[in-house]
Amino acid sequence: MTEEIGLFEAIYSQRALRHLKSEPIPDEIIKKIIDAGIRAPNGGNSQQWAFIVIKDEATKRIIDEHYSAVVRPNHGEAKTISERRAADSADYLGQHIMDVPVWILAATNHPGTDIHHGASIYPAVQNMLLAARALNVGSVLTTRVRRGFEDQIRSAIGLPEGWATAAMIPLGWPQDGYKYGPTTRRPAHEVTHWDKWGAQQES
Ligand SMILES: Cc1cc2nc3c(=O)[nH]c(=O)nc-3n(C[C@H](O)[C@H](O)[C@H](O)COP(=O)(O)O)c2cc1C
């Protein structure tokens, strides 16, 4: 296990890592990442979440069969270099599903409006991404399962009716030449409004 890092260093450098080695991730690390997930805020603290650890070849094959066919929401519209890089990298992951040693499926049974439903599982997913970053395990949030092959995954793993898939995150050691680093984002001051919409500061 690698040395743990500070919270802000993890936040500033947690980015999508999709070029992953096929060598196994120890269960101890997988459990540690999920244990970070279950610390997250969730509606009413009802904790209607489940995390399915997928290592099984047969289930991976189902992901492999369907993943690339699910069209990206911004398919064909990648304009900036950063968007194009993300699209190419996402395509790479789609072509190497079987090489990923572990996929974690985050599922939720939280009732209520869409926002409570999603908002009760994605903080846990983000916690897991940060924990993975701290342990230098590569990962990325993916949602294609929900948009394209939820039924097939449901029957493969026995996910009960009423439980929805929210995200699948791959876990793997980063390939040589791929590492965590600064993210490309518009600066916070451009998206911050002080008391009134449009009242912005220069930095
Ligand atoms: C709702 C959502 C859905 C996403 N779906 C996918 C996906 O299906 N496949 C994928 O490779 N990345 C997916 N991503 C990851 C984004 O592409 C990534 O967060 C974004 O490009 C920023 O990348 P960076 O953190 O490396 O800068 C998704 C992210 C979010 C928030």
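We did not get these values from a lab; they are worked out from the coordinates using the rules stated. Nothing here was measured: the structure is a model prediction, and the numbers come from that model. A quick note on method: Cβ atoms are made from the backbone with ideal geometry, for glycine too, and the neighbour counts reach across all protein chains shown.
General remarks:
- Cross-link table K60/K179; K55/K79; K32/K79; K31/K79, entries beyond 28 Å C-alpha to C-alpha: K55/K79; K32/K79; K31/K79
- Here the Gaussian network model covers the chain, with springs between Cα atoms less than 10 Å apart; of V191, V137, V145, V191 fluctuates the most.
- Order by protection proxy (mean Cβ within 10 Å, highest first), peptides 36-43, 101-108: 101-108, 36-43
- Adding -39500 (n - 2.57) for every DSSP H run of four residues or longer, then dividing by how many residues the chain holds, sets the calculated 222 nm ellipticity at -10500 deg cm²/dmol.
- Selected from A188, A58, A90 as most flexible by GNM, with the chain as the system and alpha-carbon contacts under 10 Å: A188
- At 1.306 mPa s and 10 °C, Stokes diffusion of the range 60-165 via Kirkwood alpha-carbon radius, µm² per second: 104
- Alpha carbon centroid spacing (whole Å) that separates the range 114-180 from the range 80-102: 15
- Counting all C-alpha pairs of the range 137-203, share separated by more than 19 Å (%): 61
- The fraction of all Cα pairs in the chain landing in successive 5 Å bins from 0 to the largest distance is 1, 7, 14, 17, 19, 18, 13, 7, 3, 1, 0, given as whole percents.
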